[in-house]
1. Determine, yes or no, whether Leu142 is aliphatic (A, V, I, L, M) and touching a Pro at 6+ places or on another chain (Cβ under 7 Å).
2. Just to be sure, is Met212 surrounded by 16 or more Cβ atoms within 10 Å (Cβ to Cβ) and out of contact with any helix residue (DSSP H, G or I) (no Cβ under 6 Å at 6 or more places or on another chain)?
3. Filter the stretch 266-312 down to the residues that are without any contact (Cβ under 8 Å) to a residue 24 or more places away in the chain and more than 16 Å from the chain's Cα centre (by Cα) and list them by number.
4. Please give the helices (runs of 4 or more DSSP H) falling wholly within the stretch 1-83 in which 2 or more residues are crowded, with 19+ Cβ neighbours inside 10 Å and in contact with a Phe, Trp or Tyr (Cβ under 9 Å, 6 or more places away or on another chain).
5. Condition check: of a type in the set (Ser, Thr, Tyr) and crowded, with 20+ Cβ neighbours inside 10 Å. Does Thr180 satisfy that?
6. Looking at (1) at pLDDT 90 or above; (2) touching a Leu at 6+ places or on another chain (Cβ under 6 Å), which one does Gly155 not meet, given that it meets all the others?
7. Would you be able to tell me the number of residues in the stretch 274-312 that are surrounded by 20 or more Cβ atoms within 10 Å (Cβ to Cβ) and touching a Pro at 6+ places or on another chain (Cβ under 6 Å)?
Amino acid sequence: MLYGKYQFLCRLTGEAMLPCYKGSTFRGVFGRALKRVVCALKRQECDQCLLKKRCVYAMVFETRDTLDPPEGSRIVAAPHPFVIEPPLTMKTRFSEGSSFDFRLLLFGEANRNLPYFIYAFEQMGKIGIGKRINGKRGHFSLEEVKAGDIPVYSGCEQTLKAQNFFLMSLKDTEEFPQGTSRLRLNMITPLRLKFENRLKADLPFHVLARAMLRRISSLYNFYGDGEPSLDYRGLVKRAKEVKIVNDDLSWFDWRRYSFRQDRAMLMGGMVGSVTYEGDIGEYMPLIEFCSQVHLGKQTSFGLGKIEGEIVR
């Protein structure tokens, strides 16, 4: 699967007031900016648009109506081909001149549309983000885009350099320790999961395994080489043998405003950490993969960023 991880280095050109969790703010303004940049039929609704199958905006934000599932796939709804990783600081007030950096993850062919995304984020800086201060939202300038240490775009020179993305795949389980061990899973951003059609406030290992398999399967089916060769039933069955030995999870709620639905929405997810004990070696490739692509619901907001580590 093609995978790109791009760091956007920005600087505020005015004061900004942002919520504690900034992912929904970024995603909302990014959507409006991208549509402004690429939409050819400005007054046409996406679901009725003749161009939706070829439109970058529709592919990114109206993904389920744009991408058809591969033949024989068990996954019927395509995941969004992007994740925005906002600044993790809980700071809400930013002064003019402050650095303001975030990351954009792209999956599959979406990487080849990176110039559109860069231009959209430049426009996003001109539109402004966050609450109004003295009648103005926070504006910023895009100074540079990097992939790792490699420069991709220079705002000063207004030049796009070679894109840098790579093929991402699951590692071999032989690289990880076998037998009984302990794994601590940290929620870097809130994790929002549903099991049996209900949001979970706890995380049994088999629920985690199901979510990881679902995420991997959906990404591979739509943006990779098709269904990966995994023992789905066996992995879920064996996951039930892995026990929780320490649970430090709590629920974090916040409100976001949806421009599309024109209303405030209550969002939330699990934060903290949980420690498991059992034969977890075969699950480490899944955890490493999902730590790079996020997990659960609303990943495009930056939710579901996890990090796993073997502990004693």
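The values are calculated or read from the model by the stated rules, or taken from the named source; none is laboratory data. Remember, it's a predicted structure, so these values are computed and weren't measured experimentally. Every residue, glycine as well, gets a Cβ built from its backbone with ideal geometry; the counts of neighbours run over all protein chains shown.
1. Criteria not met by Leu142.
2. Values: surrounded by 16 or more Cβ atoms within 10 Å (Cβ to Cβ): yes; out of contact with any helix residue (DSSP H, G or I) (no Cβ under 6 Å at 6 or more places or on another chain): no.
The answer is no for Met212.
3. Taking the stretch 266-312 and keeping what is without any contact (Cβ under 8 Å) to a residue 24 or more places away in the chain, we get 266, 291.
The answer is Leu266, and nothing else.
4. 23-38, 56-61
5. Judged against the criteria, Thr180 is not a match.
6. That leaves (1) as the condition not met.
7. Of the residues in the stretch 274-312, 2 are surrounded by 20 or more Cβ atoms within 10 Å (Cβ to Cβ) and touching a Pro at 6+ places or on another chain (Cβ under 6 Å).
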